[in-house]
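A.B. asks: Please see the structure below; I have some questions.
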Amino acid sequence: MPTRASIMAELKKKGTEKTRRIYARHGMDAAHVFGVSIADLKVIAKTIKGQQALAFELYETGNLDAMYLAGMVADGSQMTKKQLNAWAEGAANLQMISEYTVPWVAVEHPEGRELALQWIKSKKECVACAGWCTYAGLLATKPDEELRLPEIEKLLATIPREINGAPNRVRYTMNNFVIAAGTYVKALVKAAKTSAREMGTVSVDLGDTACEIRPAAAQIEKIEAAGRTGQKRKTIRC
């Protein structure tokens with residue numbers, strides 16, 4: 001039976017300096033990274049699928065690779081709000097966790113929307129990022145009739161006023177939220193385009209990488225031109 005110790009040993013063995021450097025260039029705290037590829041994490045995840053308690057133990061290590069793996073394994077619908085809040089709080093300086101892992105499980109929770117709204121208001125960068133990404137995940141996966149469109153329109157109207165004063169990664173996730181609204185919900189395309197236009201060019205430090213922030217208006221129009229507006233995803237997990 002796999003244990004936290006055995007999985008951590010396997011992760012350490014699978015880690016490479018090359019991948020570790022890549023993660024570091026993207027802003028991850030190198031002191032908490034082995035550098036395991038996503039492909040290798042997926043292989044390991046299959047061997048511990050359904051082991052919720054083990055997933056929690058892995059997340060609590062504070063190691064990025066173990067935390068990301070935990071998100072692949074955990075069932076967010078079975079987590080408590082206290083556990084989800086702890087995951088959001090524990091993702092500082094690990095944007096792969098705050099912007100991917102935490103939203104993966106939060107979107108599955110019955111109160112994912114409430115958590116997203118709570119987190120968005122946080123002064124902590126990692127928590128606010130988790131909030132915007134969680135709400136964007138709901139837009140991508142939930143039927144339109146289950147969404148609160150007036151609430152989302154209010155968020156879209158607020159973003160242009162607040163984005164320039166927001167922390168670095170929060171600006172990034174706000175921009176992606178606008179894109180998600182204009183991509184996955186046909187009724188919000190006009191409001192998303194207005195928000196994108198009012199935001200203008202969004203400046204985000206993406207580290208020592210060749211990555212570029214996606215201009216929201218152009219991305220929404222690209223999806224429209226391809227005829228994919230309103231097409232939902234089954235999951236936001238990678």
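A.B. asks: For the list (1) open to solvent by less than 50 Å² (accessible area, probe 1.4 Å); (2) in contact with a helix residue (DSSP H, G or I) (Cβ under 6 Å, 6 or more places away or on another chain); (3) touching a residue at least 12 places away in the same chain (Cβ under 8 Å), I need the number of the one condition that Leu54 fails.
C.D. replies: Every listed condition holds for Leu54 apart from (2).
A.B. asks: Within segment 137-148, track down each residue that is of a type in the set (A, V, I, L, M, F, W, C) and either in contact with a Cys (Cβ under 9 Å, 6 or more places away or on another chain) or part of a helix (DSSP H, G or I) (or both).
C.D. replies: Scanning segment 137-148 gives Leu138, Leu139, Ala140.
A.B. asks: What helices (runs of 4 or more DSSP H) completely inside segment 149-238 contain at least 2 residues that are of a type in the set (A, V, I, L, M, F, W, C) and either more than 16 Å from Ala116 (Cβ to Cβ) or open to solvent by 40 Å² or more (accessible area, probe 1.4 Å) (or both)?
C.D. replies: In segment 149-238, the matching helices (runs of 4 or more DSSP H) lie at 149-162, 189-199, 216-225.
A.B. asks: When you check Gly15 against the structure, is it more than 18 Å from Val127 (Cβ to Cβ), open to solvent by less than 30 Å² (accessible area, probe 1.4 Å) and among the small types (Gly, Ala, Ser), yes or no? Spell out how you get there, then give the answer.
C.D. replies: Details: more than 18 Å from Val127 (Cβ to Cβ): yes; open to solvent by less than 30 Å² (accessible area, probe 1.4 Å): yes; among the small types (Gly, Ala, Ser): yes.
The answer is yes for Gly15.
A.B. asks: Could you tell me how many of the residues in segment 24-37 are of a type in the set (A, V, I, L, M) and exposed (fewer than 15 other Cβ atoms within 10 Å of the Cβ)?
C.D. replies: The qualifying residues number 2.
A.B. asks: Also, quick follow-up: Being open to solvent by 20 Å² or more (accessible area, probe 1.4 Å) and in contact with a Phe, Trp or Tyr (Cβ under 9 Å, 6 or more places away or on another chain) is the filter here; which residues of segment 95-135 pass it?
C.D. replies: Once the filter is applied, which keeps residues that are open to solvent by 20 Å² or more (accessible area, probe 1.4 Å) and in contact with a Phe, Trp or Tyr (Cβ under 9 Å, 6 or more places away or on another chain), segment 95-135 yields Gln95, Met96, Tyr100, Arg113, Leu117, Ile120, Cys133.
The values are calculated or read from the model by the stated rules, or taken from the named source; none is laboratory data. Being a predicted model, the structure only gives us computed values, none of them experimental. Positions of Cβ are generated from backbone atoms using ideal geometry, with glycine treated the same way; all protein chains shown enter the neighbour counts. Quick note on the areas: whole protein, heavy atoms, side chains included, nothing else; ligands and nucleic acids left out. Shrake-Rupley method; radii C 1.70, N 1.55, O 1.52, S 1.80 Å.
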